[in-house]
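Enquirer: Handing you this structure, nothing more for now.
The values are calculated or read from the model by the stated rules, or taken from the named source; none is laboratory data. The structure displayed is predicted, hence computed values, not measured ones. Cβ coordinates were reconstructed from backbone atoms using ideal geometry, including for glycine residues, and neighbour counts include every protein chain displayed.
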Amino acid sequence: MLNKKINSTAEAAADIADDYLEKITKYEIFRQEANHVREKDKKLIRDLFKSFSHSDLMVGIGFQRAYGSIISGDYFDLFKLSDNNFLFVFADISGHGLPAYTTLIRLRSAVILAVKEMEGIHERTGIIDYAYLIKSIAMKFTDIMDMSNSNDFASVNFVFVEDRNGSLKLRFFNRSMLFPIIVRRGKDGIQSFDLNNKYDIWKPEKGYLLGSDIKNLISLESYYHTPECCFEIFQGDMIFFFTDGITEAFDFETEKKQYGEERLQQKLIELCDFPPQLVINSIFDSVYEYIGKHEYQKDDMTAVLIDLPVRQ
C-alpha cells in the first residue's frame, strides 16, 4: 500500500515537472519568435529609410519590454507610399502583455488596409489625401475594436515624411501620442525643440485617443478629426521619437520623480555628435541607472532616432 502511494506521488510529481518544462519551452519559443519579429522590423525600417535621397541619413532604434513581459504594446512601422513619400507610425497601446499586443496587431492591420486602399485611389486619381488616409485608418481600427468588444485604446503619431531635396517636411497627425524631440546642429550652435511644447515656429495639436470607448464619449465628427501640424527638418537635425516608458520611469530612491522630458532633452544635446544607435543605447543605459535595476522597469521603452548629420 505504501509503495503504491509512493509511486503515485512520484508519478504526479513527474507529471507536474513535465508540464512545467513544456510551459517553459513554449515560453522560450514565444519569446524568441517575438524577438525575431522585432529584429526584422528594425532591419526593414533601416532599409526603407535608405530610400531617401539623403544617402547619409542614419537611424538608431531602441526597444526594451517592461520587465517580465514577452511581448509589448509599443509599435513602430514605416510605409513607402505611392507618391514616394513615407508614412511613419509610432504608437503606444494601453496595457501590457498579450491584450496590448493584440490591439497592436489590430492597429497594424488597419494601417495596412488603409494604405493599400489609398494606393488604389492614387492609381486612379494620382492623388494621396493624407487627412483622408488617417481618417480611414481611424475608422478601420475603431470598427475592429467595436467587433472585438475591446475597451483598449491606442495613442498614435502618424507622421508623413516628405523628401524635399535638402530638407524633410514632417507632417504630423497625432492621436494623443508624444511628439518627438528635435536637436538642431548648425553654424550658430545647438538648438533643441521638444515638440510637446509650444514655440514661435511650432504649435503642437493632437486628436483624441483611438478606441471604441473614446468614440462613444464624444461626437463622431470630433472623434474622427485629427489636426495636422508640420515641422521642417534640415541637414544637421536629429529627430528622436520616444514612448512614455522612458520619460515616466521613476527614480529608484523615492519612486516619486520621473526621468522626464527635460532630462531626456539634455541627454540628447550632450550626445548629439555620436552615431544614433550609440545615442539610443546611452539613453537607455541612463534610464536604467536612474531607476536602479532592470527589474524596476514597469513600462515598455521604445525609441527611434533619425539623424541627418551635418554635411562636411
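Enquirer: In the stretch 164-175, which residues are out of contact with any Lys or Arg (no Cβ under 6 Å at 6 or more places or on another chain) and in contact (Cβ under 8 Å) with a residue 24 or more places away in the chain?
Expert: Matches in the stretch 164-175: Asn165, Gly166, Ser167, Leu168, Lys169, Leu170, Arg171, Phe172, Phe173, Arg175.
Enquirer: Please go through the stretch 245-260 and give me each residue that is of a type outside the set (Phe, Trp, Tyr) and either in contact with a Ser or Thr (Cβ under 7 Å, 6 or more places away or on another chain) or within 18 Å of Ile181 (Cα to Cα) (or both), ordered by number.
Expert: Matches in the stretch 245-260: Gly245, Ile246, Thr247, Glu248, Ala249, Gln258, Gly260.
Enquirer: Among the residues that make up the stretch 230-247, is at least one of them over 29 Å from Ile137 (Cα atoms), assigned by TED's automatic domain parsing to the domain that holds Phe158, small (Gly, Ala, Ser) and in contact with a helix residue (DSSP H, G or I) (Cβ under 8 Å, 6 or more places away or on another chain)?
Expert: Checked the stretch 230-247: no residue is over 29 Å from Ile137 (Cα atoms), assigned by TED's automatic domain parsing to the domain that holds Phe158, small (Gly, Ala, Ser) and in contact with a helix residue (DSSP H, G or I) (Cβ under 8 Å, 6 or more places away or on another chain).
Enquirer: Of Glu289, Glu248, Glu253, which residue is under 17 Å from the mean Cα position of the chain (by Cα), loosely packed, with under 15 Cβ neighbours inside 10 Å and modelled with pLDDT under 95?
Expert: Just one listed residue meets the conditions, Glu248.
Enquirer: Restricting attention to the stretch 59-107, which residues are part of a loop (DSSP other than H, G, I, E, B), more than 21 Å from Leu168 (Cβ to Cβ) and not small (Gly, Ala, Ser)?
Expert: Within the stretch 59-107, Arg65, Tyr67, Ile70, Ile71, His96 meet the criteria.
Enquirer: Sticking with this structure for a sec: Please give the number of the condition Asn165 fails out of (1) part of a loop (DSSP other than H, G, I, E, B); (2) modelled with pLDDT of 95 or more.
Expert: The one condition Asn165 does not meet is (2).
Enquirer: Looking at this structure, is Leu178 aliphatic (A, V, I, L, M), touching a residue at least 24 places away in the same chain (Cβ under 8 Å), in the same structural domain as Ile239 (by TED's automatic domain parsing) and surrounded by fewer than 16 Cβ atoms within 10 Å (Cβ to Cβ)?
Expert: No; evaluated as a whole, the condition is false for this residue.
Enquirer: Restricting the stretch 123-146 to residues that are not β-branched (Val, Ile, Thr) and not in a helix (DSSP H, G or I), which is surrounded by the most Cβ atoms within 10 Å (Cβ to Cβ)?
Expert: For the stretch 123-146, the residue satisfying everything is Asp129.
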